[in-house]
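FYI, it's all coordinate maths here, none of it is from the lab. For clarity, every value in this text was computed on a predicted model and none was experimentally measured. All Cβ positions, even for glycine, are placed from backbone atoms using ideal geometry, and neighbour counts span all protein chains on display.
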Amino acid sequence: MASAWLLKTEPSTYSFADLQRDRRTVWDGITNAQALNNLARIKTGDRVLIYHTGTEKAVVGTARVLRGAHADPRADDPKLLVIDIAVRAALPRPVTLASIKAQAVFAGWDLLRLPRLSVMPVSAAQWAGIERLGRP
């Protein structure tokens, strides 16, 4: 089974609506060492949750990985990686950070433990919890 990941983005820089418009994108700009280590583990076919940071603080949609981690062709540093993703669907209802904090299934998740980390794994139970909370 494919792995699952959460990718954070500042919606004023690149939002889920932008991904919906573009249908696919190269996910770049990751420079944090731990986030890059996580990015390096992402494979073609993996599932992705898109999380808006800033004032929104919510999981807003899903995507899938079209091409796993590879060197950023626009960077001079071979340690900088990117992935290619395609939009899947917006969640019917955004899942806020507050609602995530209120659910035991998310206890210990990097989203709560390491709030500045921009790429993190998502367990099957966490994915199911997000889907449940995202229903209308």
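Computed from Cα atoms, the angle from the helix 124-133 axis to the main principal axis of the chain rounds to 60 degrees. Using a Gaussian network model of the chain in which every pair of alpha carbons under 10 angstrom is joined by a spring, one finds that among Ala71, Ala102, Ala17 the greatest mean-square fluctuation is at Ala102.
So for the chain, considering every pair of alpha-carbon atoms, how many percent are separated by more than 22 Å? Provide the component values of the computation, followed by the final result.
Values: 2904 of 9180 pairs.
In whole percent, the share of Cα-Cα pairs in the chain beyond 22 Å is 32.
The trypsin sites (Lys or Arg not before Pro) of the stretch 90-136 that DSSP puts in a loop, and whose beta carbon has at most 10 other beta carbons within 10 Å, are Arg116. Comparing Thr13, Thr96, Thr53 in a Gaussian network model of the chain, where Cα atoms under 10 Å apart are tied by springs, the biggest mean-square fluctuation is seen for Thr13. Working from label points 7 Å from Cα in the Cα-to-Cβ sense, the Tyr14 to Asp77 distance is 1.7 nm. Here the Gaussian network model covers the chain, with springs between Cα atoms less than 10 Å apart; of Asp76, Asp22, Asp46, Asp76 fluctuates the most. Each DSSP beta bridge with both residues in the stretch 4-128 is either parallel or antiparallel, and the antiparallel ones are about 80%. Residues whose amide H falls under 5 Å from that of Arg24, counting only those 5 or more places apart or on a different chain, are Val87, with hydrogens built in the peptide plane.
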